[in-house]
Amino acid sequence: MASLIHSTLQPNTNPEINTAILEMDTINRLPSKNKVVRTQLEDGVFLTWQDLCVSVSNKKSGTKSILQGLSGYARPGELLAIMGPSGCGKSTLLDALAGRLGSNIGQRGEILVNGRKQALAYGTSAYVTQDDTLMMTLTVREAVYYSAQLQLSDSMSKSEKKERAETTIKEMGLQDAVDTRIGGWGVKGLSGGQKRRVSICIEILTRPKLLFLDEPTSGLDSAASYYVMSRIAGLGQRDGIGRTIIASIHQPSSEVFQLFHNLCLLSSGRTVYFGPASAANEFFTLSGFPCPTHQNPSDHFLKTINKDFQQDVEQGLAGAISTEEAIEILLSSYKSSERYEQVRKQVAEIYKQDHGELETKRSHASFLTQCSVLTRRSFVNMYRDLGYYWLRLAIYITLCLGLGTVYHNIGHSYASIQARGALLSFIASFLTFMAIGGFPSFVEDMKVFERERLNGHYGATAFVISNTLSAVPYLILVSVIPGAMAYYLPELRKGHEHFLYFALVLFACMMLVESLMMIVASIVPNYLMGIITGAGIQGLMILVGGFFRLPNDLPKPLWKYPLHEIAFHKYAYQGMFKNEFEGEVYPNNKVGGPPIITGEEILRDLWQAEMGYSKWGDLAVLLGMIAFYRLMFLGIIKANEKVKPMIKAFISMPPKQNTQVTVNPSSTPLHGEMM
Ligand SMILES: Nc1ncnc2c1ncn2[C@@H]1O[C@H](COP(=O)(O)OP(=O)(O)OP(=O)(O)O)[C@@H](O)[C@H]1O
């Protein structure tokens, strides 16, 4: 029925009649006589774009056009599929419509929401990216429920949020896998299709009225693709909400193709066809490219317009022509078709109707709720991910048993002074150095954070606070248990208060190394490069810390000032040495010297420690450095979001300023700024 109305829709000069036809057309797509759905349509999102051009500029190659004068619309209750060969501009169109284009990309033309230029508030729209960046240690239920707690407003009760999560899981057909862990490399978990559906679940928790999906079926077999797409299509008219769904898709099977209401077929950034998916076959036939019997229509469309692999295309009975020629024929056939006129008219009609302004604000969970939920989620993830702390704990225990036996019963002789210094320096340098082992797990956390941040689930401050809090119990564990072995087996200074100080310095150093690695991860988000960079920085700090080369022997420019002063090892060594030697006396072996040597003399003359402040001063500096490093990490994340696009825009500025392309004012993320 709907396609019949579409294919018989005639241009009409009376706008009121056209409006009525358009509304009828949309409403008739809904399940018949479903009054609730019909009224809800008015609350839906009508998205239109007209003469949309997108281009990218860079200094070397000038301006490259990606999308050229596209017009189209997406309406509530409908699924619009964007198809075309690889590199034709599908993702770019999706990004442009979602307001996610990078700032080095210029955009011209008009994109309207409900006929107005308006931003989509948080929760009104959602974007499901191509890759499934999920926490692999969580089960489906946990992942969706944590996300519900993060995204949904505090005005909803816990049980309502739980129910929303359960309903959404069922909507996506994941009820049989609720308690299965997501899994990832090395850990078997969900299948690719199930992961896709978890990603979609997380994004539709806020019940967005507009849903963008970038290749939701990539990497899935045809059965999984159909299952995922049928669930997506079903969302269009669920819960009495007319949802507008736009998905880019590579190569749908004929079953999947039948789920589409409208089709936007692109070739090199130009529209080959826009209109009802069911009428595309007829358009190709009328243009001289009929789909051979027994061939999947979508395969035929893509084969006809794919010029990556030059081939001759069969044109009706007229023989073979090149792909370039076929595309030109289709482009001009579409431009001169009634369908093209209808699209322009429908865009104009939507513009004329007043569908009202969308909600300007939907509330998130409060900042405190976000911090608490993120801390709990991160704690569970650290507990389940063996690589985060458990493996490190096992290695530390082995290493500290080794240290304990090598330095066993260190004694109180003059020679033990050097041995104590070496042991403490080894612990403060190399034991903490190994904290970089958790870097890969942290990089995975960062990826999840980046996706959730871009989708507006929470802000960078909540992430940094929760990551810090959730790590504390584990760091206490890995500093106290192996630390006790390394302290008591060699019989370092007696007195539990001295062990407590030793463990506190160890804890602070590990936290510092983790903070340093967070900074590295925010700049170099790659395992190998990150570990090498982190190891390099720490190697330098150990070198200038004041043990391997005494502070007064360090060359003054650079090595002593500022490197020695800013290396946290300086304060760790000094604090541990003061804790070990202050107030103690040792026999003196020096010929002609006094019979004993005091701890203060050892600190001042042997280790050249700064004696103007106590060991607590050194600990305070270490704790201050943790706060500084974490704030720096937060600053880098925030600056990255603001400065990176500016740098990109600057680098890719075209050689001449007379480009016609204007920078898209809506290229900042659609969602509101968060802490
Ligand atoms: N930021 C950018 N800088 C330079 N070129 C870009 C940028 N974004 C997209 N392009 C180019 O624009 C063209 C279209 O890219 P897009 O990712 O939209 O294609 P696609 O149809 O989604 O491809 P695929 O199906 O392979 O994902 C490609 O040639 C791509 O190289």
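The values are calculated or read from the model by the stated rules, or taken from the named source; none is laboratory data. Every value quoted in this text rests on a predicted model; they were computed, and no experiment measured them. Neighbour counts run over all protein chains shown; Cβ positions are idealised from the backbone, glycine included. For the accessible areas, the whole protein counts, side chains as well, though only heavy atoms, and no ligand, DNA or RNA atoms are used. Shrake-Rupley method; radii C 1.70, N 1.55, O 1.52, S 1.80 Å.
General remarks:
- Entirely in the range 458-570, the helices (runs of 4 or more DSSP H) that have 2 or more residues that are open to solvent by less than 10 Å² (accessible area, probe 1.4 Å): 460-488, 496-523, 527-544
- Beta carbons closer than 6 Å, at least 6 apart along the sequence or on distinct chains, pair a first residue in the range 322-350 that is closer than 21 Å to residue 302 by Cβ with a second that is among the aliphatic types (A, V, I, L, M) and in a helix (DSSP H, G or I) for 327/305.
- Index of the failed condition, residue 176 passing every other in (1) open to solvent by less than 10 Å² (accessible area, probe 1.4 Å); (2) outside any loop (DSSP other than H, G, I, E, B): (1)
- Residue that is nearest to residue 218 (Cα to Cα), among those in the range 124-148 that are touching a Ser or Thr at 6+ places or on another chain (Cβ under 7 Å) and not in a strand (DSSP E or B): 130
- In the range 116-148, residue nearest to residue 245 (Cα to Cα) [restricted to those that are surrounded by fewer than 23 Cβ atoms within 10 Å (Cβ to Cβ) and among the polar types (S, T, N, Q)]: 124
- Lone unmet requirement of (1) at pLDDT 90 or above; (2) within 16 Å of the ligand (Cβ to nearest atom) for residue 177: (2)
- Considering the range 70-86, the residues that are within 16 Å of the ligand (Cβ to nearest atom) and not in a strand (DSSP E or B) include one that is surrounded by the most Cβ atoms within 10 Å (Cβ to Cβ), namely 84.
- Residue 427, sole failed condition from (1) over 27 Å from residue 439 (Cα atoms); (2) at pLDDT 95 or above: (1)
- Residue that is most open to solvent (accessible area, probe 1.4 Å) [pool: residues in the range 149-165 that are assigned to a helix (DSSP H, G or I), farther than 20 Å from residue 383 by Cβ and in contact (Cβ under 8 Å) with a residue 24 or more places away in the chain]: 164
- Test: residue 199 is more than 16 Å from the ligand (Cβ to nearest atom) and within 14 Å of residue 130 (Cβ to Cβ): yes
- Hits in the range 548-565 - residues which are touching a residue at least 12 places away in the same chain (Cβ under 8 Å) and over 24 Å from residue 423 (Cβ atoms): 559, 560, 563
- If you go through the range 588-621 and pick out every residue that is open to solvent by less than 60 Å² (accessible area, probe 1.4 Å) and in contact with a strand residue (DSSP E or B) (Cβ under 8 Å, 6 or more places away or on another chain), you end up with 5.
- Residues that are more than 16 Å from the ligand (Cβ to nearest atom) and within 20 Å of residue 327 (Cβ to Cβ), drawn from the range 240-276: 275
- Per-region count, the range 143-175, residues within 19 Å of residue 235 (Cα to Cα) and among the acidic types (Asp, Glu): 3
- Hits in the range 291-311 - residues which are within 19 Å of residue 255 (Cα to Cα) and without any contact (Cβ under 8 Å) to a residue 40 or more places away in the chain: 291, 292, 293, 294, 295, 300, 303
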